[in-house]
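To start, the structure under review is shown below, and the notes come after it.
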Amino acid sequence: MSNREQAKDTRRRRIVRAARTLVQKTGDTGFSMRALAEQAGVSIATPYNLFGSKQTVMFAVLDADLEAYQTRLAKLRADELDVFFKAVSLATKLYSTEPSFYRAVLFAVYNDGGREFRSMFGGPRHAMWKGLVQDAINAGLLSDEVEPDAFAINLGRTFFSAILEWVSGELSLPELEAWAHYGFALSLASMATPASADRLHDKVIAQQVRLQKLWKTKRGAQTRAAKMQAATRKLEKRR
């Protein structure tokens, strides 16, 4: 890498770190590119020249976490089947460390709906899922009739649709994990071999039970909240 490219890479990293800091401080991505440039200690034109848009910067923030995430995933003890579910659980655990931060960044990327959104299903993310699919095929846990690219895209879309519902506040993190596990189990079971069919069947059933428990808990919380609101309204009328 030339000195010029090294300098550009350094500025990119500074901008990504600055974006992370601003989101962590404010809880949202509503800061201006000028504020981002000031936080990074670069000229106002630099973020535009290196990234083009704030959405691209936000995607770079997610990319900065991806390498560390994949390293942690590779160190987990899991066979070629369990690793799919471990990958989901590891991601939800990551989101739980800074839920407001990840919701804000993911919303900024998803809400754009352009190239950055579509990249969630391509590049290194797609390569990761495709690699896991191919490993499962090689291990005899998925049928060799599986087309790795298409199957990986399906898994990615299943996972990211659950993430999007969490970002919009429709799901809790446990629900995100359970729905993604359920979707993965159903997809994997459809192309299972005799070596994995029973395990995946059990996984589907287990996630159905888990989802039912989560629904019951959620309905109970909603009922309690409704009663609390009704009681509050009664008190207000008496005043």
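Helix content alone sets the calculated 222 nm mean residue ellipticity of the chain: runs of n ≥ 4 DSSP H residues at -39500 (n - 2.57) each, divided across all residues, give -27000 deg cm²/dmol. Distant-in-sequence amide contacts of Ala78, defined by a placed amide H-H separation under 5 Å and a gap of 5 or more residues or a different chain, comprise nothing.
Equivalent ellipsoid of the stretch 1-52: semi-axes from √(5λ) of the C-alpha gyration tensor, largest first, are 21, 11, 8 Å.
Computed extension length for Ser32-Arg219: 63.3 nm, one decimal, from 0.36 nm per residue of separation with the Cα-Cα distance subtracted. Positive contributions from Lys and Arg (+1) and negative ones from Asp and Glu (-1), summed over other residues with Cβ under 15 Å from the Cβ of Val133, come out at -4.
Site pair Arg77 and Gln24 shows an inter-label distance of 3.2 nm when each label is modelled 7 Å from Cα along Cα→Cβ.
Take the convex hull of the alpha carbons in the chain; its mean projected area over all directions comes to 17.3 nm².
Within the chain, the whole DSSP H helices whose Cα atoms reach 24 Å or more along their own axis and whose mean Kyte-Doolittle score is at least 0.0 are 148-167, 173-190.
Mind giving me the FRET efficiency for Asp202 and Ser100? R0 is 25 Å, r the Cβ-Cβ distance, nearest 0.05 is fine. In this case the efficiency is close to 0.10.
Between the alpha-carbon centres of the stretch 1-15 and the stretch 31-58 there is a gap of 14 Å. Just checking the listed ones, Lys86, Lys25, Lys203: in the Gaussian network model of the chain with Cα springs under 10 Å, the one fluctuating most is Lys25. The stretch between Arg157 and Leu186 holds 9.1 nm of extra length on full extension. This uses 0.36 nm per residue minus the Cα-Cα distance.
Readers should treat all values here as calculations from the given coordinates under stated rules, not as data from a laboratory. Please read these numbers as outputs of a predicted model, since none were measured by experiment. Here Cβ is always computed from backbone atoms with ideal geometry, including for glycine, and neighbour counts include all displayed protein chains.
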